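Single-structure report; data block below.
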Amino acid sequence: MAEKRIVYKIQDLGGIGEVHITEEVVTKIAALAATEVDGVRSMTGGITHESVEKLGIKNLAKAVRIEFDDDAVTVDLNLNMEYDKNILETSKAVQDKVKSSIENMTGLTVTEVNIHIAGVDMENTEKGK
């Protein structure tokens with residue numbers, strides 16, 4: 001059975017058409033932006049920057065949750081951080097990056113970016129070797 005795509009109208013171009021965006025597109029924007037930030041090892045489920053584009057909404061839904069309210073968006077992210085990185089500073093950088101990426105690419109207003117730290121990865125650290 002095909003998965004149902006949720007589509008939102010983000011702009012009416014006044015007589016020449018409308019612009020619609022799927023929830024999956026906003027989810028991928030958020031995931032790509034979050035995994036670009038230094039200190040983020042991956043998202044829940046081992047999702048890395050390289051794997052985001054290959055994954056569908058079902059896999060990304062474990063790590064990213066998007067809620068639409070008219071033309072506003074709330075984002076919840078489940079992240080695995082690198083060991084020895086400041087969690088608060090990294091989380092703030094993720095919030096800023098995700099918010100600006102979604103707003104710049106879609107025109108939607110991001111009201112919240114909530115970060116949930118799912119784990120700390122010691123791989124590739126002196127203590128984790």
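Just so you know, all these numbers are worked out from the coordinates, no wet-lab data involved. Because the structure is predicted, anything quoted here is derived from the model rather than measured. When we count neighbours, we look across all protein chains shown, and the Cβ atoms used for this are built from the backbone with ideal geometry, even at glycine.
Listed values, structure above:
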quantity	calculated
Cα-Cα over 25 Å, subset of K58/K99; K54/K85; K62/K97; K58/K97	K54/K85
In order through region 65-77: 3J(HN,Hα) via Karplus (6.51 cos²θ - 1.76 cosθ + 1.60), integer Hz, x for Gly, Pro	10, 10, 10, 9, 9, 6, 9, 10, 10, 10, 10, 10, 10
DSSP bridge pairs, the chain: antiparallel proportion in percent, nearest 5	60 percent
Convex hull of Cα atoms in region 46-109, direction-averaged projection (nm²)	5.0 nm²
Exposure proxy order (Cβ contacts within 10 Å, fewest to most) of M81, M43	M81, M43
Sequence-separation-based contact order of the chain, relative, with Cα cut under 8 Å and 6+ spacing, percent	24 percent
Tensor-based shape of the chain (alpha-carbon gyration tensor, a/c under 1.5 rounded, otherwise prolate or oblate)	prolate
Between region 70-129 and region 45-66, the Cα center-to-center distance that results, in Å	13 Å
Amide H partners (placed H, <5 Å) of V120, local residues excluded	M81
Integer Hz, Karplus 6.51/-1.76/1.60 couplings in order for region 95-106, x for Gly and Pro	4, 5, 5, 5, 4, 5, 5, 5, 5, 5, 7, 10
Degrees between helix 23-36 axis and first principal axis of the chain (Cα, 0 to 90, nearest 10)	30 degrees
Among L77, I87, S51 - extreme Cα towards positive end, dipole of region 24-121, charges at beta-carbon	S51
